[in-house]
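Below is one structure, written out as structure tokens, with a few remarks after it.
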Amino acid sequence: MMTINIETDVLAGTLLEGPMQERRDRLAALPIKEPRDLSARNRAVALCDSGAFNEIMAMRNGYRSEARGATTPLPSDGVAIGWGLIHGRPTAIASHDFAVAGGSIGSVFADKVVRLQRFAIDNGMPIIYINDSGGARIHEGIEALDGCGRIFAQNVRAKKRVPQISVIMGPCAGAAAYSPALTDWTIMVSGQGRLFLTGPEVVKAATGEDVDPEDLGGAGLHTRDSGVAHLEVADEREALRSVIGLLSFLPQQRGGELPLQAPREPERSVQELADLIPAASHVAFDVRHVLSCIVDGGTTFELSAKFSPSVVTGFARLNGVPIGIVASQPRRRGGILDAKAAQKVARFVRFCGRFGVPITTWVDVPGFIPGAVEERRAVITHGADMLDAYADADAPRLTVIMRKAYGGAYIAMGSRSLGADFTWAWPQSEIAVMGPEGAVGILNRRELAAADDPRAVRTALAAQYRAEVTHPFRAVDAGIVDDVIQPEQTRAALTAALQGLGLGLH
Amino acid sequence: MSKQQEVRAELAGNVYKILVSVGDEVNKGDQLIVLESMKMEIPVIAPKAGTVTAVNTSADSVIAEGDVLVVMEVPTD
């Protein structure tokens, strides 16, 4: 295979002299527009092991028609496509070039991206999209729109076959904005990446709304409020490092082997676990600290950290094996589930299911938050979607009930009924249809109404309910929880379970 | 330079405990208030380090999601 490395071969002039010279000079002369740090090609180069980015169709230009039949060449038609090794594994990369017609998507641009997508799908490798584009190229009209549509169709085809990661390094507007949303994970550069269907000028013209670009489609908005993007990073280099980090957890393609690493001990000792979890089940704790006592190196690659933070989602390793994490976060909103949290979890679980990444679920959930606001947000639809994602996930599912697991939220958090391969509970767990105080309010309504001191009676009844109904051995006797284990035994139990499922036999 | 930072309730509930008063210096991640909701004690956390300039609620108050509970003065980035 003839490969051209733009940075080392083309720009250094090691290719044959001749008719290629003009095209080569044009590519070499492309400016980097502020506040950008790296050129489109150097972004791709920075992703690849030893900087070896093998560009495909570098010399295929597009053309812009000018007055009197003249045409202006658009170098590479504004996109660099190619592949390189990342951690020694082939990875496809498309990098938009804002220096050429604002990175706008024309028909040649689209042909090239589609070519890359087909190449990656056929050969089973992840696709990285570095987005920096004003959207469909306006003067090309329907051909530009058709090009965008063809890219989307391949995004959808790729979804079932290879991981896709989008990085937003500049504008990603109009039709271009749909492509990242069709991929698995979207990383945005703070203050630089902008993702919107309609830019501020058009919004102003259409509705009169005067809106700052950051408030319309900045990294903060999309990682905190809309959930459209999953990671906000400080600069381009951190974005690229994040791509490399994220890929380290993922197989090359659906059905591919998980990338193992040498096992590492957790950051904190498991003995610290007992102190991290308050005895009283109504007192919050930080689940990140718990995870840091259990996973390799104590590190979790968190995604959507600021969107619906009552649940933590991300990737980590256990005994060197990549795992997905879905964890209640009692420190934020008590670890409740709601419509947004359910969307976040469903998306994460579906991804793990498609690519066979074991899903570990860490439960301390008081329930789905009740009320009219949530019903109006279609919490039933989104909650059902979370059930659907778990029940349908084609990956090992391991669930640890840390403390509370009540009601529909218990079922939704990776329960045995939805197909968990292994389930454990820590000794102080409470598993029931609802919390003890609420339960006795219904079960003992008459008794409470007649009591002289209803508060004292309620407390006594709740304690009795807690002791008789919610304790985890009842779940063990029912065969719904496999075992009651101490927190410090959890890492060993999960490691053994993964080995039982054929993973991590180093 | 400094700016005002509003700290809002992440969900509806009752104010269980107020842990800070006006003039207190707090670090990022410190608990400012504890809410009671969903039978849980839920901390309201300082998003940044700064000085408390107002506490807009009192113990046992019923608050709604999004209510401003505390105002802080924080250094601008």
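If only one of A:Glu302, A:Glu272, A:Glu267 is away from chain B (no Cβ under 14 Å) and more than 21 Å from A:Gln486 (Cβ to Cβ), which one is it? Quick ask: steps written out before the conclusion?
Working: A:Glu272 fails: more than 21 Å from A:Gln486 (Cβ to Cβ); A:Glu267 fails: more than 21 Å from A:Gln486 (Cβ to Cβ).
Testing whether each residue is away from chain B (no Cβ under 14 Å) and more than 21 Å from A:Gln486 (Cβ to Cβ) leaves just A:Glu302.
Only residues in region A:451-466 that are polar (S, T, N, Q) count as the first member; pair them with residues that are in a helix (DSSP H, G or I), Cβ under 9 angstrom, at least 6 apart or cross-chain, and list the lot.
Sorted first by the residue in region A:451-466, then by its partner, the pairs are A:Thr459/A:Glu437; A:Gln464/A:Pro436; A:Gln464/A:Val440.
Taking B:Ala9 as meeting all but one of (1) among the small types (Gly, Ala, Ser); (2) surrounded by 18 or more Cβ atoms within 10 Å (Cβ to Cβ); (3) more than 14 Å from every other protein chain (Cβ to nearest Cβ), write down the number of the exception.
With (1) among the small types (Gly, Ala, Ser); (2) surrounded by 18 or more Cβ atoms within 10 Å (Cβ to Cβ); (3) more than 14 Å from every other protein chain (Cβ to nearest Cβ) applied to B:Ala9, the lone miss is (3).
Need at least 3 residues that are out of contact with any Pro (no Cβ under 7 Å at 6 or more places or on another chain) and over 27 Å from A:Ser190 (Cα atoms) per element, so show me which strands (runs of 3 or more DSSP E) inside region A:47-136 make the cut, counting only ones lying wholly within it. Give the steps one after another, and end with the answer.
Working: elements: A:53-56, A:62-65, A:71-74, A:79-86, A:89-96, A:127-133.
Of the strands (runs of 3 or more DSSP E) lying wholly inside region A:47-136, those with at least 3 residues that are out of contact with any Pro (no Cβ under 7 Å at 6 or more places or on another chain) and over 27 Å from A:Ser190 (Cα atoms) span A:53-56, A:62-65, A:71-74.
If you check A:Val312, A:Val365, A:Val379, which single one turns out to be free of Cβ contacts under 8 Å to residues at least 60 places away in the same chain, within 14 Å of chain B (Cβ to nearest Cβ), closer than 30 Å to A:Leu503 by Cα and out of contact with any Pro (no Cβ under 7 Å at 6 or more places or on another chain)?
Values: A:Val312 fails: within 14 Å of chain B (Cβ to nearest Cβ); A:Val379 fails: closer than 30 Å to A:Leu503 by Cα.
Just one listed residue meets the conditions, A:Val365.
Residues checked against (1) at pLDDT 90 or above; (2) within 21 Å of A:Thr313 (Cα to Cα); (3) under 20 Å from the mean Cα position of the chain (by Cα); (4) not small (Gly, Ala, Ser):
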position: A:Ile187; (1), (2), (3), (4): yes, yes, yes, yes
position: A:Thr198; (1), (2), (3), (4): no, no, no, yes
position: A:Glu201; (1), (2), (3), (4): no, no, no, yes
position: A:Lys204; (1), (2), (3), (4): yes, no, no, yes
position: A:Asp210; (1), (2), (3), (4): yes, no, no, yes
position: A:Leu216; (1), (2), (3), (4): yes, no, no, yes
position: A:Gly220; (1), (2), (3), (4): yes, yes, yes, no
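Which ones in region B:22-41 are within 14 Å of chain A (Cβ to nearest Cβ) and either in a loop (DSSP other than H, G, I, E, B) or over 11 Å from the mean Cα position of the chain (by Cα) (or both)?
Of region B:22-41, the ones within 14 Å of chain A (Cβ to nearest Cβ) are B:28-41.
If the condition is that a residue be within 14 Å of chain A (Cβ to nearest Cβ) and either in a loop (DSSP other than H, G, I, E, B) or over 11 Å from the mean Cα position of the chain (by Cα) (or both), then B:Lys28, B:Gly29, B:Asp30, B:Glu36, B:Ser37, B:Met38, B:Lys39, B:Met40, B:Glu41 are the ones that fit.
So which of A:Ala391, A:Ala327, A:Ala420, A:Ala405 ends up being in a loop (DSSP other than H, G, I, E, B) and either in contact with a helix residue (DSSP H, G or I) (Cβ under 9 Å, 6 or more places away or on another chain) or at negative phi (or both)? First the steps, then the outcome.
Numbers: A:Ala391 fails: in a loop (DSSP other than H, G, I, E, B); A:Ala327 fails: in a loop (DSSP other than H, G, I, E, B); A:Ala405 fails: in a loop (DSSP other than H, G, I, E, B).
The conditions single out A:Ala420.
Filter region A:179-208 down to the residues that are in a loop (DSSP other than H, G, I, E, B) and either touching a Phe, Trp or Tyr at 6+ places or on another chain (Cβ under 8 Å) or closer than 22 Å to A:Phe98 by Cα (or both) and list them by number. Working first, answer last.
At the first step, the residues of region A:179-208 found to be in a loop (DSSP other than H, G, I, E, B) are A:183-184, A:190-193, A:197-199, A:208.
Scanning region A:179-208 gives A:Thr183, A:Asp184, A:Ser190, A:Gly191, A:Gln192, A:Gly193, A:Leu197, A:Thr198, A:Gly199.
Considering each of A:Ala346, A:Ala384 in turn, give the residue that is more than 19 Å from the chain's Cα centre (by Cα), away from every other protein chain (no Cβ under 14 Å) and not β-branched (Val, Ile, Thr). Walk me through it before giving the result.
Values: A:Ala346 fails: more than 19 Å from the chain's Cα centre (by Cα).
One residue alone meets the criteria, A:Ala384.
Could you list, in sequence order, all residues of region A:382-414 that are without any contact (Cβ under 8 Å) to a residue 40 or more places away in the chain and not charged (D, E, K, R)?
Across region A:382-414, the qualifying residues are A:Ala384, A:Leu387, A:Ala391, A:Thr399, A:Ile411.
Quick one: would you say A:Pro454 is touching a helix residue (DSSP H, G or I) at 6+ places or on another chain (Cβ under 8 Å), not aliphatic (A, V, I, L, M) and not assigned by TED's automatic domain parsing to the domain that holds A:Val290? Break it down into steps so the answer makes sense when it comes.
On the way: touching a helix residue (DSSP H, G or I) at 6+ places or on another chain (Cβ under 8 Å): yes; not aliphatic (A, V, I, L, M): yes; not assigned by TED's automatic domain parsing to the domain that holds A:Val290: yes.
When the stated conditions are applied, A:Pro454 passes them.
The values are calculated or read from the model by the stated rules, or taken from the named source; none is laboratory data. All values reported here derive from a predicted model rather than from experimental measurement. Heads up, the Cβs are rebuilt from the backbone with ideal geometry, glycines too, and the neighbour counts pull from every protein chain shown.
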